[in-house]
Amino acid sequence: MKELEKQYKKILSDYMIDKTEKNLYIGQNFIRQLIKKNVSPEDVVSIHKNAIAQIFPDRIKEVQSAYDFLIEVMVHYGMAHREHQSLLQKQAEFEIEMNIATNIQKTLLKTVIPQLSSVDIGMISIPIRKMNGDYVHFLQDQEDYLSVAVTDVVGKGVPAALCMSMVKFGLETLEYAYKDPSYVLEVINRVIEKGVDDSMFVSMFYGCLDIQNSIFSYASAGHEPALHYRANENTFYSLEAKGLLLGVLPEIKYSYNKISLKEQDIVIIMTDGVTEFRAHDDVNSREMITSLIAEHKHQSAQQLCNLLHKEIERIQDFKLSDDFSVVIIKKK
């Protein structure tokens, strides 16, 4: 420290005499030296005070108390600054970890929309944060059966992503039993109840379309009701199905319902991010959705999904309040 004080006194003395850009440049280089040696802000003030006392011994008494005050202030500033820098470093590390987790989630939970000759399928799923709390899973048996699970975790971030991974694993184990919506929900419920924290619950709408017979079977575990547009009546019906959220109790039974799909009929399955406008209580979301679908029913399923997303974004001033997921199935 004595050597640093000696150097600083020389730099300061030269500046007081010459006041040139060169003197300032030398001072800036000296600051870099202080940083490398991890000299605290309060020690820098102390070095300056000591240099002033030696250069102007007759005048230091006039500012002694001011320097003492500044040193005390810088002690607290230094501590706050170091804490702030530590938090910034942790935040940067967290961002890196979140980016890695997000990429892993996208890879693990990647959804491929089935391409079928007699059914048009559209899907969109957009998270409001980096990690998605919604998940859409398709199962397809050539041109015979199509199943879809639309899932919403009560929670966000990494825990929700881990929970979604369990849901996907459970659904994939049901490769030969996916045609029964009740059984599917009961199995997934047991998987989640055993493996997920008690504070986390999952809602799911599960539907299975018998393509050859045009029968759509569906069940729900506390999920937003789907909508069925009957083209020959130009009317929408709510696909209500009662069922407890997944992960609440181990041995819950779920019932299922069936509907017949005719030509140009449409099924709209969504999460509550599509229907809940938290900042716009005056908007009837389901009426808006049905009006939009009815007006543009001639468009493809994917186009309808995109239109729905754009309209709801517009209503919410382009600030969605929750993860947004919708699946549209249209009978050709």
query: Given Ile128, Ile124, which one is hydrophobic (A, V, I, L, M, F, W, C) and within 30 Å of Glu263 (Cα to Cα)?
result: Ile124
task: Quick one: which residue in Tyr183, Tyr145, Tyr218, Tyr178 is farther than 19 Å from Leu116 by Cα, modelled with pLDDT of 80 or more and touching a Cys at 6+ places or on another chain (Cβ under 8 Å)?
output: Tyr218
task: Identify, from the list Met98, Met123, the residue that is within 22 Å of Met166 (Cα to Cα), touching a Cys at 6+ places or on another chain (Cβ under 8 Å) and among the hydrophobic types (A, V, I, L, M, F, W, C).
output: Met123
- prompt: Looking at the range 1-20, which of the residues that are part of a loop (DSSP other than H, G, I, E, B) and surrounded by 11 or more Cβ atoms within 10 Å (Cβ to Cβ) is modelled with the highest pLDDT?
  reply: Thr20
- line: In the set Ala226, Ala301, Ala241, the lone residue that is modelled with pLDDT under 95 and of a type in the set (A, V, I, L, M, F, W, C) is Ala241
message: Based on this model, can you work out whether Asp68 counts as in contact with a Lys or Arg (Cβ under 9 Å, 6 or more places away or on another chain), of a type in the set (D, E, K, R) and modelled with pLDDT of 75 or more?
response: yes
message: So for the range 81-104 (the condition being modelled with pLDDT of 80 or more, part of a helix (DSSP H, G or I) and more than 30 Å from the chain's Cα centre (by Cα)), does at least one residue qualify?
response: no
- prompt: Can you name every residue in the range 209-252 that is touching a Pro at 6+ places or on another chain (Cβ under 6 Å) and of a type outside the set (D, E, K, R)?
  reply: Ser217, Tyr218, Ala219, Ser238, Leu239
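The values are calculated or read from the model by the stated rules, or taken from the named source; none is laboratory data. The structure presented is a predicted model; accordingly, all values stated were derived computationally and were not measured. Counting neighbours? That spans all protein chains shown, and the Cβs are built from the backbone with ideal geometry, glycine included.
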